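Here's the structure, in structure tokens; my notes come after.
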Amino acid sequence: MTIASTSSSTSAELRNANRRRVLHAVYEQIGISKQDLSQRLSMSLPTVTQNLKEFEAMGLIERRGLCESTGGRKAQIYHFVSDARVAIGAILLKEFYRIVMVDLYGNVLKAERFPTPFARTPAYFEQLGQNIRTFISGLTYRPDQILGAAIALQGLVSHDGTSVIYGEILKCTGLTLDEVQPYIPYPCVLIHDTEASATAEVWAQNDLKDAVLLSLTRNFGGALIISGEVHRGRELSSSVIEHMRLYPNGRPCYCGRKGCIEAYCSAYALQLSAGEPLEQFFPAMRQGSPERTQIWHHYLQDLAIAINNIRMLMDTEYIIGGFLQKFMDDQDFLLLARYVNQECPFQSAPVHLRRSVFSDDAAAPGAAISLIKQYLCSF
Ligand SMILES: [Zn+2]
């Protein structure tokens, strides 16, 4: 009895492993024949055929075109269907929200911005749900192709993605999925915005192993990436670097304390120091305004202190993301690196700063990608 059940569970495991290997091999190749798959995976042709059939039935794989051949019957080419499933991602911000749809490769198929300020009210979530419906209605996806909607917001989210444990910026501490889900036509999950951005970054940069993402959006966000995965703490999500103290008794922060990184290194903090929108500040600074240049250099020095503090714990790469990096040119990156190196008390290797691959906020695509990752890992 025991032996029989062990052997049946082993054969089920083997079947699942074969299934996964076939799917992942087709996913990673741009077109491959059954024969090449069999060779590449050292798997019998009938096993490959059986798995391909199953994935074709699910719509995940299709046959398109024939292999070039020097003789005999040409082999059919199998392709992964990039939009066989899609996922919705949203980022809810203080002034507006953004909805995106991504395919199974994480490509953004559609994105739209809605100028509605956040409000923890049924009317707001009803509008969000309605806009998600309208957003999808022009496309040809069946409901079963849509994996779900991941909603990123500025707040720390519980491990199971069902509630906000700290959401001071949006005044939404305690928000639960029960307030949102009834209005959204797909399975929903909540996600911390910086964690979503880091997920997008890891997805887009294959070579990323250990890194710290510093997201210079309206509010500062930081996330730790360890061994190619976004680190999740026990309660504090993927870290709350923004509330590390930079200056004791410094500027007030929205968390109620004083001197946090947020109060010096967020895009909003820079805007407050500048006394004007960043869209005006940067062009005027580039034209040689000495006051603005001083404000900017001061900002970069504060950011350098923040990076140096984190670097004392994690000497790794630093990814500069968020919309503020759009305004930063290569000289700014060199200057920031110089400031960080000056802060370091040791003669060590220079800090390695990397620009985020996302020119804008990565939270909405990252939220959707978290669902895609989950789906692909389910095989
Ligand atoms: Zn704070």
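Readers should treat all values here as calculations from the given coordinates under stated rules, not as data from a laboratory. Quick caveat: nothing in here was measured; it's all calculated off a predicted structure. Don't worry about glycine lacking a Cβ; one is built from the backbone with ideal geometry, like all the others, and counts go over all protein chains shown.
Overview of results
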{"read-out": "Sites matching GluC sites (Glu not before Pro) across the range 201-248 that sit in DSSP coil, with at most 11 neighbouring C-beta atoms within 10 Å", "value": "GLU235"}
{"read-out": "Radius ratio Rg over Rh of the chain, counting only Cα atoms, Kirkwood formula for Rh", "value": "1.04"}
{"read-out": "Length-normalised contact order for the chain - Cα pairs under 8 Å, 6+ apart - percent", "value": "16 percent"}
{"read-out": "Dipole magnitude (debye, nearest 20) for the chain, charges at Cβ of Lys, Arg, Asp, Glu", "value": "720 debye"}
{"read-out": "Alpha carbon convex hull of the range 19-168, projected area averaged over orientations, nm²", "value": "11.7 nm²"}
{"read-out": "Packing-based order for 340-351, 125-136, using average beta carbon neighbours within 10 Å, highest first", "value": "125-136, 340-351"}
{"read-out": "Lysines with Cα under 20 Å of LYS34, excluding same-chain neighbours fewer than 8 positions away", "value": "LYS53, LYS74"}
{"read-out": "Candidate aspartates and glutamates for bridging to LYS94, where Cα separation is under 12 Å - those fewer than 8 sequence places away on the same chain excluded", "value": "GLU168"}
{"read-out": "Selected from VAL48, VAL240, VAL100 as most flexible by GNM, with the chain as the system and alpha-carbon contacts under 10 Å", "value": "VAL48"}
{"read-out": "Peptide ranges 17-27, 206-216, 262-272 listed from the most packed, as the mean C-beta count within 10 angstrom indicates", "value": "262-272, 206-216, 17-27"}
{"read-out": "Derived scalar couplings ³J(HN,Hα) [the range 345-353; Karplus, 6.51 cos²θ - 1.76 cosθ + 1.60; whole Hz; x for Gly, Pro]", "value": "x, 10, 7, 10, 4, x, 5, 10, 9"}
{"read-out": "13 Å beta-carbon shell around THR121, net charge (K/R +1, D/E -1)", "value": "0"}
{"read-out": "Mean Cβ neighbour count within 10 Å, used as a protection proxy, ranking 307-315, 75-83, 87-95, 150-158 highest first", "value": "150-158, 87-95, 75-83, 307-315"}
{"read-out": "Cα-based reach from LYS209 at 18 Å (exclusive), listing aspartates and glutamates while leaving out same-chain residues under 8 positions away", "value": "GLU195, GLU201, GLU229, ASP315, GLU317"}
{"read-out": "Antiparallel content of DSSP bridges confined to the chain, in %, to 5", "value": "60 percent"}
{"read-out": "Residue-by-residue Karplus 3J(HN,Hα) for the range 253-262, coefficients 6.51, -1.76, 1.60, Hz, glycine and proline x", "value": "10, 5, 6, x, 9, 10, x, 5, 3, 3"}
